[in-house]
1. What number of residues in the stretch B:143-165 are aliphatic (A, V, I, L, M) and open to solvent by 10 Å² or more (accessible area, probe 1.4 Å)?
2. If a residue must be open to solvent by 70 Å² or more (accessible area, probe 1.4 Å) and within 19 Å of A:Ser75 (Cβ to Cβ), how many such residues does the stretch A:92-136 contain?
3. Any idea how many residues of the stretch B:1-58 are out of contact with any Ser or Thr (no Cβ under 6 Å at 6 or more places or on another chain), farther than 24 Å from B:Gly167 by Cβ and among the hydrophobic types (A, V, I, L, M, F, W, C)?
4. Are there helices (runs of 4 or more DSSP H) fully within the stretch B:228-337 with at least 2 residues that are within 25 Å of B:Phe132 (Cα to Cα), open to solvent by less than 30 Å² (accessible area, probe 1.4 Å) and at pLDDT below 90? List them.
5. So if I check each of B:Thr274, B:Thr337, which one is within 14 Å of chain A (Cβ to nearest Cβ) and among the β-branched types (Val, Ile, Thr)?
6. Pick from A:Met158, A:Met235, A:Met146: which is out of contact with any helix residue (DSSP H, G or I) (no Cβ under 7 Å at 6 or more places or on another chain) and outside the structural domain of A:Ser17 (by TED's automatic domain parsing)?
7. Under the condition of being open to solvent by 10 Å² or more (accessible area, probe 1.4 Å) and aliphatic (A, V, I, L, M), which residue from the stretch B:120-129 is farthest from B:Arg18 (Cα to Cα)?
8. Tell me the residue from B:Phe132, B:Phe138 that is under 28 Å from B:Leu26 (Cβ atoms), within 14 Å of another protein chain (Cβ to nearest Cβ), out of contact with any Pro (no Cβ under 9 Å at 6 or more places or on another chain) and crowded, with 19+ Cβ neighbours inside 10 Å, please.
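The values are calculated or read from the model by the stated rules, or taken from the named source; none is laboratory data. Only a predicted model underlies this, so the values are computations on that prediction, with no experimental measurement involved. For neighbour counting, all protein chains shown are included, and Cβ atoms are generated from backbone atoms with ideal geometry for every residue, glycine included. What goes into the accessible areas is simple: the full protein's heavy atoms, side chains included, and nothing from ligands, DNA or RNA. Shrake-Rupley method; radii C 1.70, N 1.55, O 1.52, S 1.80 Å.
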Amino acid sequence: MRVEAGQVHGFLGPNGSGKTTTLRTLLGLIRPDGGRMSILGHEVPAALAEVAGQVGAIVESPQFFPHFTARDTLSLLAGAGEVPAQRVDEVLELVGLSGRANERVKTYSLGMKQRLAVASALLKNPRLLILDEPANGLDPGGIREMRTLMRNLAESGMTVVLSSHILGEIQLICDSVTIISLGRRVAFGPVEEVLAQHSSGAVRLRLDAVTDLPLAATALTRAGVRVTANPDHLMLAGVDKPATVTRLLAEQGLYVSELTPVAVDLESVFLDLTATTPVPGQHRQVDQSVRVDGPPAPTGGGWGA
Amino acid sequence: MSLFRTELRRLTKRRFTRWTTVGGLLVLALVVVGLFITNQKIGPEQWAEAKRSADQSHAEQVRWVEQERANCERAKAAGENVDYYPADCAEIAPPAREDIRDEWYLPSTFIFKSSFQDMLIPLAAILAMVGFVVGASFVGAEWSTGGMMNLLLWRPKRLTVLLTKLGALLTGLLALALPASAAWFGSLWLVANWRGSTEGMTSGTWQSFLLTGLRGIVLALVAATVGFALASLGRHTAMALGGAVAVIVVGQGGLAILLDMAQVRFGEAWLLPTYVYAWMTKTVTLEDWRSCNASYTGECNAATLDITWHHSSLLFTVGIALFLGAALWTMRRRDVT
């Protein structure tokens with residue numbers, strides 16, 4: 001897994017695939033049993049103390065001492081990290097909690113705790129921000145605000161690693177993604193590339209008269225297009241240019257009412273790559289996802305996956 | 001240093017710390033008030049009242065003895081066989097007036113020199129209890145609420161974080177214990193002044209009191225460290241509090257019964273309170289009443305075993321090394337999940 005500086009990187013995987021474990025290991029909370037990790041050019045966990053001041057993180061659900069106010073919580077963290085006190089007010093304003101900063105955390109909703117967690121991660125104005133499920137519990141407005149915040153932070157030069165199950169958000173926010181399944185990487189790279197690699201290039205075709213569909217299917221098959229017939233439309237694969245299809249059918253006196261390239265989204269790619277697409281009548285178990293058989297995990301040296 | 005200051009601030013901001021401290025100080029204040037109410041200064045009036053009470057008591061006993069002697073003589077004259085009376089009824093005699101001492105009827109009075117040493121034990125016990133539960137909660141709540149994980153994301157040096165927390169706890173406890181002890185000395189001195197006596201104090205007595213007070217503070221620091229270490233080991237306050245209850249109920253209560261049933265010689269030597277008491281009083285002498293060490297006068301003396309504060313200090317040192325060592329080891333080795 002490699003994250004370029006200044007990018008927003010999505011880290012995806014089904015439940016139990018190892019996202020949080022990876023992040024915890026990276027942050028020194030779990031002892032690695034092999035491999036190598038590096039943050040901002042420093043190998044961790046050996047040099048974690050040197051880079052910790054430049055890394056803001058929330059791991060899994062936000063957890064805070066319930067009887068302290070949000071301001072106290074952040075103020076204590078700022079004290080421990082030698083962050084100027086005025087930064088507390090700045091981040092409270094940034095996450096929209098300045099009006100409720102003097103209330104105890106135990107009175108907060110999950111979304112407010114999530115905002116506080118993001119505030120705590122932003123407190124030290126980090127160069128690298130690691131957020132595990134930051135949109136958990138946020139209302140729709142909050143999700144949109146979070147999206148804008150992530151983009152603004154990235155534009156200001158901050159590198160953001162984002163783990164989330166809201167794939168629509170990831171697709172909108174992230175420059176690149178890594179998808180893992182059962183602890184192994186199954187896809188990585190810029191979002192567009194990952195989508196393109198898994199795009200079928202399919203085109204949906206509808207005609208004015210449904211009765212003409214078999215005729216069209218025959219003509220297109222003869223021209224080398226792979227056709228899948230459906231009751232009210234045809235799915236075409238292997239089409240270089242949609243104009244070829246319209247010309248071919250016009251020659252046969254068949255008139256197109258719809259010719260749409262079928263766009264693939266990150267959710268369908270994710271479900272496909274991890275083999276976690278729900279099947280009616282089946283109850284998928286947590287560990288039922290695609291298993292990548294790679295070389296044995298390195299126990300020392302090397303850059304892991 | 002910033003981490004230390006922050007942890008000290010966190011400690012004092014916690015409601016549990018504040019309420020437990022207030023609770024402990026309240027108990028101490030109640031003890032002082034209780035001592036003030038139940039003691040009186042002894043003057044001529046109190047002596048006169050005590051003499052009156054002693055005279056009254058003597059007169060009652062004389063009356064009762066005369067009545068019994070009359071009953072005895074009546075029973076003998078009637079030829080009744082009563083074995084609870086002596087053969088000669090004249091042997092039933094009242095006590096002499098001087099046998100009933102006036103001072104027995106004096107009201108309770110607080111003599112600083114003779115009473116204060118014992119009064120340092122409740123002070124140490126309350127400070128130790130406050131130290132133990134606050135110490136356990138300080139780190140236990142941090143673990144169970146995720147605060148420790150947050151802190152480790154900021155300061156990834158685990159041992160430094162744990163030891164700084166412990167340092168802040170002990171500093172905070174010291175900041176409570178020193179003025180509380182000073183206030184205890186002062187308030188009981190005033191109680192003695194108004195409701196007893198402060199006479200007979202020498203520099204040696206003061207030195208002894210100060211050293212006992214110092215040992216009490218050390219006891220509180222030891223208890224706080226053990227509570228802190230236990231809660232850190234279990235990553236929950238309940239680990240320390242549950243452990244303490246288990247030790248008191250099973251480890252001490254159960255063990256005491258077992259030792260007694262097994263008739264183990266000097267069984268108390270296996271019990272923790274003996275060492276705590278020895279720490280405060282410098283020496284506890286255990287006696288084995290089933291033994292007989294005959295003296296040259298033919299007197300049968302029980303065998304004794306002295307538990308001194310040196311033994312206690314050894315036990316405390318080993319305890320701290322074990323618990324704190326284990327807490328540090330697990331802090332370093334265990335994953336934070």
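1. First, pick out the residues of the stretch B:143-165 that are aliphatic (A, V, I, L, M): B:148-149, B:151-153, B:159, B:161-163.
Of the ones still in play, those that are also open to solvent by 10 Å² or more (accessible area, probe 1.4 Å) are B:149, B:153, B:159, B:163.
Residues in the stretch B:143-165 being aliphatic (A, V, I, L, M) and open to solvent by 10 Å² or more (accessible area, probe 1.4 Å): 4 in total.
2. 9
3. Qualifying residue count for the region: 14.
4. Working: elements: B:237-246, B:255-261, B:272-281, B:309-333.
So the answer is B:237-246.
5. On the way: B:Thr274 fails: within 14 Å of chain A (Cβ to nearest Cβ).
From the options B:Thr274, B:Thr337, the qualifying one is B:Thr337.
6. Details: A:Met158 fails: outside the structural domain of A:Ser17 (by TED's automatic domain parsing); A:Met146 fails: outside the structural domain of A:Ser17 (by TED's automatic domain parsing).
Exactly one residue qualifies, and that residue is A:Met235.
7. Just the residues of the stretch B:120-129 that are open to solvent by 10 Å² or more (accessible area, probe 1.4 Å), to begin with: B:121-122, B:125-126, B:128-129.
Add one more test, that the residue is aliphatic (A, V, I, L, M), and what stays is B:121, B:125-126, B:128-129.
Working: B:Ile121: 23, B:Ala125: 18, B:Ile126: 15, B:Ala128: 15, B:Met129: 14 Å.
Going through the qualifying residues, I end up with B:Ile121.
8. Values: B:Phe132 fails: within 14 Å of another protein chain (Cβ to nearest Cβ).
From the options B:Phe132, B:Phe138, the qualifying one is B:Phe138.
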